[in-house]
Amino acid sequence: MKIITESQCSGYSKPGHPETPERISRSAEHLRVQPDWDLEWGSPTEVPDSILLRAHDRSLLDRLSLQKDFDSDTAYFPGIDQIARRSVGGAIAALDATCAGGSGFSLMRPPGHHATRTAPMGFCYLNSMAIAALEAQARGFKRIAILDFDVHHGNGTEDILVDQPGFAFASVHATGYPFSGKEHRGANCFNYCMPGNTRREDYIAALTRAIEDLRTFKPDLIAVSAGFDAYHGDPLSEQKLEIPDYHWLGDTIRQFQIPTFSILEGGYSAMLPELITAYLHGLSGKPLATGTQVPAQP
Ligand SMILES: [Zn+2]
């Protein structure tokens, strides 16, 4: 498992905003002290415009350097165009690790899955997942499955990849922001929209159905938009997933036994480092870390 990160992604913040630099720095610190785990570490790659332009209009790239907020929760920051490109570079480096026979996880910010072909939104500026998935296709993968388990609908990824041959997208999310993904869309986008306070076992059942949709697609690559905000303690949602559920997600994806890479999307609780670690332990075929509080199985 190779973790892609760098400190530059901590270089912007807004007081009171939930998407903080500490999400990354604390998670990296936590991963570094895990015993008996030969994690590799890497940096994002440089990403030329030609790769970004497969997913985005030129107008979006130009807009990123205009000194004006994008929406009420997506602020302009000096240098955000370059910082967002580095986050995309994290996703591409995670894909590189996978192409080299391993597995990659991009521990970078900003997240990307809300950015549409033409617009930044919802803390997202460039859609790292869609860009990396299109790059994977350019490298020869034929059937690319994308699982998005962030509690918010991956509307941007869907916007860019709906009805694109060679892709299947499955998202499990809650009602509310960004108010899309209420039903399946096109021939290749599978959406499971859960009400607030969904019972944990029902949320897991929806995740299981989404994963089965992707299995039916018979992918040769699975890419994961890993958001950890369906956790029961997350301040941005009312869902009830527990730490072992993220280990289960990783383990279930591992059982596809095909190349896999993942990128961090949301996740705003103080437990984010433990949630990421549980997911990556599952993905690596390792047991849940000892000392993790295990709630009763649903
Ligand atoms: Zn989210």
Item to check | Cα centroid of region 5-42 to Cα centroid of region 174-229, whole Å | outcome: 26
Checklist entry - Can you flag which of LYS182/LYS218; LYS2/LYS182; LYS240/LYS286; LYS68/LYS240; LYS68/LYS142; LYS182/LYS286 are past 29 Å Cα-Cα? => result LYS2/LYS182; LYS68/LYS240; LYS68/LYS142; LYS182/LYS286
Next on the checklist: Can you compute the radius of gyration and Dmax for region 84-180, using only the Cα atoms, both in Å?
Outcome noted: 12.8, 39
Item to check | In Å², nearest 10: area of ARG215 left accessible to a 1.4 Å probe | outcome: 90
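222 nm [θ] for the chain, helices only, -39500 (n - 2.57) per DSSP H run of 4+, per residue, to 500? Let's see the in-between values first.
On the way: 9 runs with 100 residues, N = 298.
That comes out to -10000 deg cm²/dmol.
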Checklist entry - With every protein chain present, what accessible area does SER237 have (1.4 Å probe, heavy atoms only), rounded to the nearest 10 Å²? => result 20
Checklist outcome for this item: Checked region 1-56 with the C-alpha gyration tensor, a ≥ b ≥ c its square-rooted eigenvalues, rounded below a/c of 1.5, otherwise prolate if a/b is larger than b/c and oblate if not; verdict oblate
Checklist outcome for this item: As a Kirkwood estimate from alpha-carbon pairs, the chain has a hydrodynamic radius in angstrom of 18.6
Checklist entry - If each Cα of region 196-288 is one equal point scatterer, what is log10 of I(q)/I(0) from the Debye formula at q = 0.12, 0.20, 0.21 Å⁻¹? => result -0.35, -0.98, -1.07
Item to check | Which of LEU272, SER180, LEU241, positive extreme of dipole for region 2-283 (C-beta unit charges) | outcome: SER180
Item to check | Rounded percent of accessible protein surface that carbon and sulfur make up, the chain, 1.4 Å probe | outcome: 50
Checklist outcome for this item: Comparing ARG86, ARG54, ARG23 in a Gaussian network model of the chain (Cα, 10 Å), the one with the largest mean-square fluctuation is ARG54
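Based on the alpha carbons, how large is the Rg to Rh ratio for region 1-112 when Rh follows Kirkwood?
Numbers: Rg = 15.1 Å, Rh = 15.1 Å.
Using only Cα positions, Rg/Rh for region 1-112 is 1.00.
The values are calculated or read from the model by the stated rules, or taken from the named source; none is laboratory data. Computed from a predicted model, the values in this text were never measured in an experiment. In this analysis, Cβ positions are derived from the backbone assuming ideal geometry, glycine residues included, and neighbour counts consider all displayed protein chains. Protein only, heavy atoms only, side chains kept; ligands, DNA and RNA dropped before computing areas. Shrake-Rupley method; radii C 1.70, N 1.55, O 1.52, S 1.80 Å.
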